[in-house]
There are 2 protein chains.
Amino acid sequence: MTDETPDHDNARHHEKMAKKKAARAKIMAGKTIEKGLLIVHTGKGKGKSTAAFGMVFRCVGHGMKSGVIQFVKGAWATGERTVLEKFPDLVTIKAMGEGFTWETQDRERDIAHSRAAWEEAKKMIADPDYKMVLLDELNIVLRYDYLPLEEVLEVLRNKPEGKHVVVTGRNAKDELIEVADLVTEMEQVKHPFRSGVKAQAGIEF
Amino acid sequence: MTDETPDHDNARHHEKMAKKKAARAKIMAGKTIEKGLLIVHTGKGKGKSTAAFGMVFRCVGHGMKSGVIQFVKGAWATGERTVLEKFPDLVTIKAMGEGFTWETQDRERDIAHSRAAWEEAKKMIADPDYKMVLLDELNIVLRYDYLPLEEVLEVLRNKPEGKHVVVTGRNAKDELIEVADLVTEMEQVKHPFRSGVKAQAGIEF
C-alpha cells in the first residue's frame, strides 16, 4: 500500500524529507481561508459517527459549543454519550428518533420524528452559540425520503458562515455530497461480524 | 448512492421492514463471540485517528482503561487531548514521536523514538489493566521501516485475548491488514484544502 519507496540512507533521507517539508509549507501557506464547513461521513464502513463525535470532543477541548441531533435513536454509542454528558455547558444532545426504520416499522411515525428532529436541527444551525452541529444519521432519514431533500439542502447551503455542520450515515445523497466541503467515505475492508464476533463495549457502543 | 429503493406506502413499508428486522435478528443471534480485536484505520481520508480516539472516549464512558501511544508527535489533535486528560485514571497517553519524518529530517533519531514508543506499546499491550491500546500513526512508522514489521506483527498476533488494539495511519502494510480483525479505509471524496481552506479548531485539531 506504499505509494513511494522510503529511503534508508540518513543523508538521502534528510534531503528528501527537507524537500517534502518545503513543499508542504508552500501548500499550507496558500491555505488562509477560515470558514464553517459542511462535512459528510458516509460509506458502509465503521467510524462515521465515531469520527464525528471525535470532532465534538475536539470542540469541547477548545471550549467551543456543539449541538448534536440524533435522528435515529439507538444508533449512538452509550459510551460516548456518558462522557459528553459531563460537559453540559459545551454539548447539547437531542435524541429525537425512535430507532432504525426496520425497528419501528412505522413509516408515518418515523416521518413525524424526523420532522421534529429537523426543526430542532434548524434552530441549532441558526443559533450563533453553536460552533458545530452534528446531524447524526441524517443520511438514513434522507435516504428513506422522510424529509424533503431540497428543504434540507436549502438550510445547509445557507447556514451561517463560520458554522460547522457534520452529517453522518451511509448512502449519502449525491446532491448532499455536491454541496458539502469535506466528504469522507468509510469503506469496510474487513469486519469481524463476518466471523461471528458480537458488538462489544468500547468498540461498537 | 442508494442500494435499494425505499418504499413509500406505510403497509408495504411495515412488511418490508419487519422482514429486514427478522433477518437482522437472525444474523445478530449468530454473533456470540467476544474477543479482543485488532482494528486498523487507514486510507488517505480524514477520520482515522478521530474515530480511534472516539473509541477511547467510548471506553472512558464504560469505565474501561485505555492506553494511547502517539508514534508521531503533532499528529494528534490538541482538542481531544485536553478532554482525555480530564480522565487520568482511565486514559494513559504517551507522546513518543518528535513530529512527522519530513519535519525532523533525521532518520536515526526517528528510529530511536519509534523504538522507545514501541517498547511502551508492548508494556501496555501486556498489562491486563488496559482494555484498549491505541497505537496512533504506527502505520507511518512501519511504512518508513523504522521498526521491523515482523517484530510488530508477532506482538499483535499474540496479544492477550480480550485486549483491543487499534492501529492508525495511512499506507497500512498488507501484512498488518492480513492479521487484523476489522479494517476500515477512510477514503477522501472531497477536501476543502483544495480550495484554500486552512486547518481549523474542532475540525483538524
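The values are calculated or read from the model by the stated rules, or taken from the named source; none is laboratory data. The structure presented is a predicted model; accordingly, all values stated were derived computationally and were not measured. For neighbour counting, all protein chains shown are included, and Cβ atoms are generated from backbone atoms with ideal geometry for every residue, glycine included. For the accessible areas, the whole protein counts, side chains as well, though only heavy atoms, and no ligand, DNA or RNA atoms are used. Shrake-Rupley method; radii C 1.70, N 1.55, O 1.52, S 1.80 Å.
With a 10 Å cut-off around each Cβ of B:169-182, the average count of Cβ atoms from other chains is 3.
Legend: mean number of C-beta atoms from other chains within 10 angstrom of residue C-beta atoms, peptide B:13-23, equals 4. A label point on B:Glu150, set 7 Å along the Cα-to-Cβ line, lies at 6.5 nm from each of its counterparts in the other copies, closest listed first. Summed over the residues of the protein assembly as shown and divided among them, the accessible surface reaches 42 Å² per residue at a probe radius of 1.4 Å.
Relative to the longest principal axis of the Cα atoms of chain A, the long axis of helix A:10-29 makes an angle of roughly 50 degrees. Note on chain B: Rg/Rh from Cα positions, Kirkwood definition for Rh, rounded to two decimals, is 1.05. Heavy atoms of chains B and A lose about 8500 Å² of accessible surface on contact, summed over both sides with a 1.4 Å probe.
Sorted shortest first, the separations between the A:Ile111 label point and its copies elsewhere in the assembly read 6.7 nm; each point sits 7 Å from Cα along the Cα-to-Cβ line.
Neighbouring Cβ atoms from other chains, within 10 Å of the Cβ of residues in B:79-86, number 6 on average. Mean separation of Cα pairs under 8 Å and 6 or more residues apart, divided by the residue count, gives chain B a relative contact order of 32 percent. With every protein chain in place and a 1.4 angstrom probe, the accessible-area ranking of A:Asp174, B:Asp127, B:Asp110, largest first, reads A:Asp174, B:Asp127, B:Asp110.
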